[in-house]
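J.: This is the structure I want to talk about, given as structure tokens.
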Amino acid sequence: MSTLRVFKKDPDDLGIIGKLGFYLLLIVGALVSIFPFYWMFVVGTNDRGAVFHVPPLLTVGDQFFENFQRVLDKTDFFQALGNSLFVSSMVTISVVFFCTLAGYAFAKYEFPFKNFLFYFVIATLFVPQQLGVLPTYVIMAKLHWIDSFKALIVPAMVNAFGIFWMRQYITTAVHTELIEAGRIDGGGHFRIFWNIAIPVITPAMATLGILNFMTVWNDFFWPLVVLKNQEHFTIQIALQQLFSNRDGLDYGMIMSATFTATLPLLIVFLLFSRWVIAGLTSGAIKS
């Protein structure tokens, strides 16, 4: 009996220990995730040799603005940043709108070859993106869109993953009874979609917006193929120019530019993530 008493624990004590372990695990995971970004900032605030320092430097220096000034001397950084912001915003808005429309149609309407078309859309996800570069480039050349933002925006206005994502979410989130009630009230197709479906699927739209914005912002290959004029370069192409240095790589300059180019992504992610959490929590509360 004494042995059993030794191993017997109070449920409240176990709950506290479990919570402490859970929060400790979260803190460790957060620190591991933040450390590369912090170290990038540390290198960007020191000289070019800081990246080779052993042990690694963990203290912030005072040369960030000097390093960033060299970035501005080598490339038109802020114009490239604005170009990426414009292209990413336009593509994200169009993808969220058109993929939501297509997903709504696949989820709530019946029409000929519906399943075949949906499976065909899903099948395009298995096609490597590189296989579509040549035919897409030929089409852009025929339309005289090479070296313009249209070559970046129009081919990316809708994608298969967005249609699949929205279709799956709408299937479970938007109940048919709501649509039928809207039709009884005299609502048209688009009015029902806009006033009934959109408020319910806002979290899915926000999530799709986050993923798509980050994908377009980080895209390097396709802008490298179609953009020729430096005035149209996106931020990824501008960052690539910093690696062409005859005197060796200036890691302080590169990291200062990379850190600054990452800030818009963090801001957009924080704004949209708050929207997603608000939508999910409001949908979980029963009136």
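The values are calculated or read from the model by the stated rules, or taken from the named source; none is laboratory data. Quick caveat: nothing in here was measured; it's all calculated off a predicted structure. Virtual Cβ from ideal backbone geometry, glycine too; neighbours counted across all protein chains shown. These accessible areas exclude ligands, DNA and RNA; they are computed on the full protein's heavy atoms, side chains included. Shrake-Rupley method; radii C 1.70, N 1.55, O 1.52, S 1.80 Å.
J.: Can you tell me which residue within the range 109-168, out of those that are open to solvent by 90 Å² or more (accessible area, probe 1.4 Å) and either outside any helix (DSSP H, G or I) or not assigned by the TED database to the domain that holds Lys228 (or both), is nearest to Ser88 (Cα to Cα)?
T.: Taking the candidates together, the pick is His144.
J.: So, in the range 215-225, of the ones that are touching a helix residue (DSSP H, G or I) at 6+ places or on another chain (Cβ under 8 Å) and buried (at least 16 other Cβ atoms within 10 Å of the Cβ), which residue ends up farthest from Tyr137 (Cα to Cα)? Don't jump to the end; show me each part of the working.
T.: Going residue by residue through the range 215-225, those that are touching a helix residue (DSSP H, G or I) at 6+ places or on another chain (Cβ under 8 Å) are 216-225.
Remaining after also requiring buried (at least 16 other Cβ atoms within 10 Å of the Cβ): 216-217, 219, 222-223.
Working: Val216: 17, Trp217: 20, Asp219: 16, Trp222: 9, Pro223: 11 Å.
Ranking the candidates gives Trp217 first.
J.: Also, I was wondering about something else. Could you identify the single residue in Ser33, Ser88 that is polar (S, T, N, Q) and assigned by the TED database to the domain that holds Met253?
T.: Ser88
J.: Identify, by number, the condition in (1) loosely packed, with under 13 Cβ neighbours inside 10 Å; (2) under 25 Å from the mean Cα position of the chain (by Cα) that Gly248 doesn't meet.
T.: Just one mismatch for Gly248, condition (2).
J.: Ile17: at pLDDT 95 or above and open to solvent by 80 Å² or more (accessible area, probe 1.4 Å), yes or no?
T.: Numbers: at pLDDT 95 or above: no; open to solvent by 80 Å² or more (accessible area, probe 1.4 Å): yes.
Here the answer is no, as Ile17 does not meet what is asked.
J.: If you take the residues of the range 39-64 that are free of Cβ contacts under 8 Å to residues at least 24 places away in the same chain and within 28 Å of the chain's Cα centre (by Cα), which of them is most open to solvent (accessible area, probe 1.4 Å)?
T.: Among residues in the range 39-64 that are free of Cβ contacts under 8 Å to residues at least 24 places away in the same chain and within 28 Å of the chain's Cα centre (by Cα), the one most open to solvent (accessible area, probe 1.4 Å) is Trp39.
J.: Is it fair to say Ala206 is small (Gly, Ala, Ser), open to solvent by less than 20 Å² (accessible area, probe 1.4 Å) and over 19 Å from Ile170 (Cα atoms)?
T.: Criteria not met by Ala206.
J.: Inspect all residues belonging to the range 226-235 and state whether any of them is surrounded by fewer than 19 Cβ atoms within 10 Å (Cβ to Cβ), modelled with pLDDT of 90 or more, out of contact with any strand residue (DSSP E or B) (no Cβ under 7 Å at 6 or more places or on another chain) and aliphatic (A, V, I, L, M).
T.: no
J.: Scan the range 180-203 and tell me whether some residue there is polar (S, T, N, Q), buried (at least 16 other Cβ atoms within 10 Å of the Cβ) and within 19 Å of Gly103 (Cα to Cα). Steps first, please.
T.: From the range 180-203, those polar (S, T, N, Q) are 195, 202; that's our starting set.
Those still in the list that are buried (at least 16 other Cβ atoms within 10 Å of the Cβ) too: 202.
Next cut, within 19 Å of Gly103 (Cα to Cα) only: 202.
Checked the range 180-203: at least one residue is polar (S, T, N, Q), buried (at least 16 other Cβ atoms within 10 Å of the Cβ) and within 19 Å of Gly103 (Cα to Cα).
J.: Name the pairs whose Cβ atoms lie under 8 Å apart, with the first residue in the range 248-267 and farther than 15 Å from Gln63 by Cα, the second aromatic (Phe, Trp, Tyr) and open to solvent by 40 Å² or more (accessible area, probe 1.4 Å), and 6 or more positions between them or separate chains?
T.: Pairs that qualify, where the first residue is farther than 15 Å from Gln63 by Cα and the partner is aromatic (Phe, Trp, Tyr) and open to solvent by 40 Å² or more (accessible area, probe 1.4 Å), are Leu249/Phe243; Thr262/Phe37.
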